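Working notes, beginning with the structure itself.
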Amino acid sequence: MKALHLMLLLGLAILAFGFNLLVGRDGSLLAALMQVARGETSLGTQILVELRLPRSLLGALVGAGLGTSGAALQGFFRNPLADPGIVGVTASSGLGAVVALYFGLTSLSLLMVPIAATLGGLVGVSALLLLAGPRASSTTLILSGVAVSAVASAGTALLMNLSPNPWALAEIAYWLMGSLADASWNEVRFATPLILVGLLILVLVRNDLDPLSLGEETARSLGVNLPRLRLAIVLGSALAVGGGVAVAGAIGFIGLVVPHVLRPFVASRPTALVLPSALAGAALLNLADLGTRLLSGPGIPLYLGVLTALLGAPFFVWLVRRQQGRAL
């Protein structure tokens, strides 16, 4: 991707961040931003600094993690339909959070849900690697990820089924829908190192994705260490996605849609797709979060995961039909 395209994506990410920070149903907070610059304090500045700023930062971080993971996984699996959920991290992180909610661990600390979600994601990744084995092919890794996701989803459904009261069930269901509404600086401090480390891992190994697109045997002959690359992709995606799931719940389709939108601009080169997907993912998720705030009615919130699913599902259907057309 040309430097101009990267600059445009960076500008788009900054604009999306600014819109999500300053625009809402209660009007613009631009005056509050000017008050913050002057060192003044008011209700508007408190809303801006304590509510909107951490929410927008998390939107950028979570979106970058999802977009980058989607690009890396599609390049690694050589499958345009791959997304971060394919390695089981989303489902296993969700199960960890549901365990914390089911047993009321939030009474111990507000960070128990993110901590449990992160631990669930790590357990899911460990199970994936053990199940697939050290020399697993891409197909085996996909099947192992599907198995981990199925087990985690079944566990989540079981806990929801056994939920002791409607309020506990509603809390679990709402969390699984995905949202940044309760974002705070605690969540930002918790998720930032996880997501950034995951992004760093994926960026460092991105150059091995182009040789892999020619096939595993060719990649080996060109010096690609496939076991190391496999481990880096899985762990990087686990950290980047799991850190986001831990604080925002399950948010789908960002990792699927973003790489496909950008692919024509990089001549379908997986290596060149990783960094732009981080910027585009950050922009798209912040715009989607802005949409949830603008579309939500009084007492009837629109959840972020619901909106991304409503926008992403038609794209996914179109993508499948396009792949079928090419196969014919």
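Remarks
- Close Cβ contacts (under 7 Å, 6 or more residues apart or on different chains) running from residues in the range 39-68 that are touching a residue at least 60 places away in the same chain (Cβ under 8 Å) to residues that are of a type in the set (Ser, Thr, Tyr) comprise 54/184; 61/192; 67/277; 68/277.
- Yes/no for residue 23 being within 30 Å of residue 278 (Cβ to Cβ), touching a residue at least 24 places away in the same chain (Cβ under 8 Å) and not hydroxyl-bearing (Ser, Thr, Tyr): yes
- Among the helices (runs of 4 or more DSSP H) confined to the range 215-328, the ones with at least 3 residues that are at pLDDT 90 or above and of a type outside the set (Ser, Thr, Tyr) are located at 226-248, 254-262, 270-295, 304-327.
- Filter result for residue 152 (buried (at least 18 other Cβ atoms within 10 Å of the Cβ) and under 19 Å from the mean Cα position of the chain (by Cα)): yes
- So residue 292, is it surrounded by fewer than 23 Cβ atoms within 10 Å (Cβ to Cβ), within 18 Å of residue 16 (Cα to Cα) and not hydrophobic (A, V, I, L, M, F, W, C): yes
- Exclusive hit being of a type in the set (A, V, I, L, M, F, W, C) and closer than 30 Å to residue 211 by Cβ, set 72, 60: 72
- Residue within the range 139-161 that is in a loop (DSSP other than H, G, I, E, B), out of contact with any strand residue (DSSP E or B) (no Cβ under 6 Å at 6 or more places or on another chain), in contact (Cβ under 8 Å) with a residue 40 or more places away in the chain and at negative phi present: no
- Output for the range 103-119, where each listed residue is part of a helix (DSSP H, G or I), more than 15 Å from residue 249 (Cβ to Cβ) and of a type in the set (Ser, Thr, Tyr): 107
- Residue within the range 194-217 that is farther than 13 Å from residue 72 by Cα, among the small types (Gly, Ala, Ser) and touching a residue at least 40 places away in the same chain (Cβ under 8 Å) present: no
The values are calculated or read from the model by the stated rules, or taken from the named source; none is laboratory data. This one's a predicted model, so the numbers in the text were calculated from it and none came from an experiment. Neighbour counts are summed over all protein chains in view; Cβ atoms, including those assigned to glycine, are modelled from backbone coordinates with ideal geometry.
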